[in-house]
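The values are calculated or read from the model by the stated rules, or taken from the named source; none is laboratory data. Because the structure is a prediction, the values reported are computed rather than measured. Cβ sites come from the backbone with ideal geometry, for glycine too, and all protein chains shown count toward neighbours.
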C-alpha cells in the first residue's frame, strides 16, 4: 500500500515530548560518527521556548491543497523560486504537490500551471509522486541554454526535468525528461514499488567544468547519489550516476554507548532537505532524525561534518507496532538546542559580499534556524524565527514545514528585497475539517529586519 503520508519518524514523535528540554550541543563541527566530550550551554532563545524567537507574518499564501483531491493526492511539499531576469515582477514559484504533480504560482500566490505526476506503470504499481524540486540555470540543450526545474519522482524512482519558458501558451513548464531515463536507485519495478526511491534533491553546477548535477537522497536509507544531468540530441535530458555516499545510521555517544535513531522496522534515518553553496561547492544535507551535515557536493574529500544536531539526538526509543510510533526513553542530554526533528527544508540565503545564511526548517517546533554561510565561521548559529499568521487572520503561518526556498534578489514591487517561500503542513482554515497544506510567501526583508534587529 502506498501511503499519502508516511508514519512520522521517531524524532518527530519525540519532538513534542522533548521540546521543553534544554540540551547541550557539541562545540564545533564533528566528523562522521564522531563526538565531543565538551559542551556549551544551550542557546536561551532556542532551548525549547520557541516563543522567544521573533515572528514574521507572511504576505500571501496559495490555495489549499487537499489529500483527497480527484486525480491524485495533492500535498504541498517543496518550493523553488525562479527569477525572470527580464521582468522580475513576473517571477514564478515552482512547487511539488506529491501525487498531485507540480504547481506553478505567480508572486500573488495564484496558480499559473498544474503539471500532473506521471501515472503508475501498472495497476499494482506506485503512481508518480513529486517530492523535491530545484532549478538549474542555463543548462545547455541542443536548442540553446535554458533554465530547467529538476524534480525527484519518488513514485517512479526517477528525475523529471521541465524546461521553463515564461509566457508560453499552456504554461511555462514543458517536460523534457528523456523517456529512457533510468531509475535512480532501483533495479526494477518490484524494487521501485518498495519505495526506497529518489527522495530529497538539490542541484549543483560545477563552476570549474560547467557541468550540472543533481544530488538525490534515497527514501528510508542514508544514501546520497550524485547524478550528472546529460542533454540528449533529441532535446531531452537524462542523467548518469557518478558516485554515492552513505551517511551513518548509528552514532557513538559521549558516554561510550551506541545510538541508532528509532524508526519503523527496516528503515534507516533518511535525508530529505539539501542545498549546495555554489561559491564553494559544499552540500548541506538534513538527516531528519540526526542533524545537518556538510560535505563536498562531489561527494569526495574529507568525511562529512555534522554541524548541528537535533534535540532528540541520542534519545533511546523503541518502536511500538500497535501505535506505529516510537516510545522515547530518558534524554541523556547529547542533542542540540536549535533544531527539533525532523530537520527538513534547507535553503541558502546568499549575499553579494559572500556572506549569508543557511536556513533550515525545524519541523518539530515549527521554527526556522539560520547558520552562517561562511566556512571560516564554522557555520555557527545566527538566530531563528517563526512564520506566524497575519494580524487580521487572513493568512496563517507555517507549521510542520517540509520545504523552503529563499531568493535574495529584487522581485518587482511586491518583493523588492527578495522572497522566502515555505510549506505549511497544516493550512487553516480548511473545508469541512479536511486535511490541507499550502505554500506561504514571506517578504525576505521582513525576515532580515526581525533577525538582524
Expected output for the range 383-412 (first residue on the phi > 0 side of the Ramachandran plot and free of Cβ contacts under 8 Å to residues at least 12 places away in the same chain, partner surrounded by fewer than 17 Cβ atoms within 10 Å (Cβ to Cβ) and in a loop (DSSP other than H, G, I, E, B), Cβ below 9 Å, 6+ apart or cross-chain) is none
The residue from 367, 388, 347 that alone is modelled with pLDDT of 95 or more, farther than 16 Å from residue 286 by Cα and in contact with a strand residue (DSSP E or B) (Cβ under 6 Å, 6 or more places away or on another chain) is 388
Yes/no for residue 246 being surrounded by fewer than 18 Cβ atoms within 10 Å (Cβ to Cβ), within 22 Å of the chain's Cα centre (by Cα), more than 22 Å from residue 82 (Cβ to Cβ) and at pLDDT 95 or above = yes
* Evaluate the range 184-192: report whether one residue or more is within 23 Å of the chain's Cα centre (by Cα) and surrounded by fewer than 20 Cβ atoms within 10 Å (Cβ to Cβ). => no
Per the list (1) over 21 Å from residue 280 (Cβ atoms); (2) in a strand (DSSP E or B), residue check on residue 382 breaks on (1)
Out of (1) in contact with a strand residue (DSSP E or B) (Cβ under 8 Å, 6 or more places away or on another chain); (2) modelled with pLDDT of 95 or more; (3) closer than 26 Å to residue 316 by Cα; (4) surrounded by fewer than 20 Cβ atoms within 10 Å (Cβ to Cβ), the one residue 218 does not meet is (4)
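Restricting attention to the range 308-349, which residues are over 17 Å from the mean Cα position of the chain (by Cα), part of a strand (DSSP E or B) and in contact (Cβ under 8 Å) with a residue 60 or more places away in the chain?
317, 319, 325, 326, 328 - these are the residues of the range 308-349 that are over 17 Å from the mean Cα position of the chain (by Cα), part of a strand (DSSP E or B) and in contact (Cβ under 8 Å) with a residue 60 or more places away in the chain.
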If you go through 75, 134, 157, the only one that is at positive phi and crowded, with 21+ Cβ neighbours inside 10 Å is 157
Counting only residues in the range 428-449 that are touching a strand residue (DSSP E or B) at 6+ places or on another chain (Cβ under 6 Å) and modelled with pLDDT under 90, the one surrounded by the fewest Cβ atoms within 10 Å (Cβ to Cβ) is identified as 434
When you look at residue 128, is it surrounded by fewer than 15 Cβ atoms within 10 Å (Cβ to Cβ), outside any strand (DSSP E or B) and modelled with pLDDT of 95 or more, yes or no?
no
The condition of being closer than 30 Å to residue 376 by Cβ and out of contact with any strand residue (DSSP E or B) (no Cβ under 9 Å at 6 or more places or on another chain) holds, among 209, 257, 205, only for 209
So, first residue over 18 Å from residue 348 (Cα atoms) in the range 424-448, second residue assigned to a helix (DSSP H, G or I), Cβ within less than 8 Å, six or more apart or across chains; the pairs are 425/363
